[in-house]
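The values are calculated or read from the model by the stated rules, or taken from the named source; none is laboratory data. Computed from a prediction, not measured in an experiment: that's the story for all the values here. Methodologically, a virtual Cβ is constructed for each residue, glycine included, from the backbone with ideal geometry; neighbour enumeration extends over all protein chains shown. These area figures cover heavy atoms from the full protein model, side chains too; ligands, DNA and RNA do not enter into them. Shrake-Rupley method; radii C 1.70, N 1.55, O 1.52, S 1.80 Å.
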Amino acid sequence: MQRLRVDLDPLRETLLLTLYARALDARLPHPILGDTHSADIADAIDYDFAKLELKPSLVCGTALRAKKLDEAVRAFVARHPDAVVLDLGCGLDTRVLRCDPPAGVDWYDVDFPDVVDLRRRFLPDRSLCIGADLTTPGWLAPLPRDRPTMIVAEGLLPFLPGDAFQRMTRQLTAHLTTGELAINGYTRFAAWSMKYHPTIKAIGITAAQGFDDPHDPETWNARLTLVEEQLLARAPEVADFPRPLRAATRLMSHSTALSRQGARILRYRF
Ligand SMILES: C[S@@+](CC[C@H](N)C(=O)[O-])C[C@H]1O[C@@H](n2cnc3c(N)ncnc32)[C@H](O)[C@@H]1O
């Protein structure tokens, strides 16, 4: 099979990291997410995935947060069969396939225009795509205003500069009437320490945004109310982590402060 060469700048290249983490999870004897579509897409891309040196913690953490965000989307869609779903900074994530929403749901995948073009090659006709820089105003004008909307943003927060994530969230909740925002949270320490992570260093990007208190977004003037903070170190799926990682994660799970430094899912309603 002829594999496709992709030419992405470091900010966009991070989508290959999460794609490959899901692909590696799918090949584990006991996958957490089991997303074989991601494995198929990674196989079709000509890229030196080995340079990312993905460790089991990143593979399992990425698969688990994707699974928890999928659950949040599915639960929202089950309550609102006329929902709109926005996957912001979607990259090549196959969430729309995993969640397989009913016909009444409009699903929008949003990322930079060249990423959206790439997405159309691998995931044609599965969702409505918007090619835009999320830090610029105007991209959300075509979105329906009056339907319950699930906004999901995975792996996006640390890569938007300054207070761009807050501004984008304010614009979204000003445009939309009601809905939920679900993200994987990063503490300030977790976001800062990412730049020393071998995988992020291999890509050559500096990531920096995060917040510690899950209530912080309630102060963004975006009408957000915290519904749930899930500390994934305490998730039952940790039982399927490979042994040394499982033991370390269980140890960490005894401390809320330490668990917060790991993967966590934050859900807000507006
Ligand atoms: C770590 S990847 C995560 C991709 C996907 N959510 C996943 O979990 O596989 C970050 C994504 O955010 C996108 N992104 C970063 N900054 C963006 C911006 N200003 N506008 C649109 N997309 C952006 C990147 O192109 C990339 O696809």
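Okay, here's what the table says:
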read-out: Residues within the range 201-230 that are within 30 Å of Y47 (Cβ to Cβ) and open to solvent by 10 Å² or more (accessible area, probe 1.4 Å), tallied; value: 9
read-out: Residue that is nearest to R79 (Cα to Cα) [pool: residues in the range 102-123 that are open to solvent by 30 Å² or more (accessible area, probe 1.4 Å) and of a type in the set (D, E, K, R)]; value: D106
read-out: Pairs with Cβ under 6 Å, 6+ apart, first in the range 50-66 and surrounded by fewer than 21 Cβ atoms within 10 Å (Cβ to Cβ), second not in a helix (DSSP H, G or I); value: P56/P242
read-out: Filtered residues of the range 138-163 (kept if within 22 Å of D212 (Cβ to Cβ) and buried (at least 17 other Cβ atoms within 10 Å of the Cβ)); value: I151, V152, A153, E154, G155, L156, L157, P158, F159, L160
read-out: Flag if R126 is over 27 Å from A75 (Cβ atoms), away from the ligand (no atom under 12 Å from the Cβ) and either touching a residue at least 24 places away in the same chain (Cβ under 8 Å) or surrounded by fewer than 16 Cβ atoms within 10 Å (Cβ to Cβ) (or both); value: no
read-out: Top-ranked residue in the range 251-269 [being assigned to a strand (DSSP E or B) and open to solvent by 40 Å² or more (accessible area, probe 1.4 Å); ranked as nearest to G61 (Cα to Cα)]; value: R267
read-out: Those helices (runs of 4 or more DSSP H) lying entirely in the range 21-106 with at least 3 residues away from the ligand (no atom under 12 Å from the Cβ) and out of contact with any strand residue (DSSP E or B) (no Cβ under 6 Å at 6 or more places or on another chain); value: 36-43, 56-79
read-out: Residue check for I200: assigned to a loop (DSSP other than H, G, I, E, B) and within 20 Å of the chain's Cα centre (by Cα); value: no
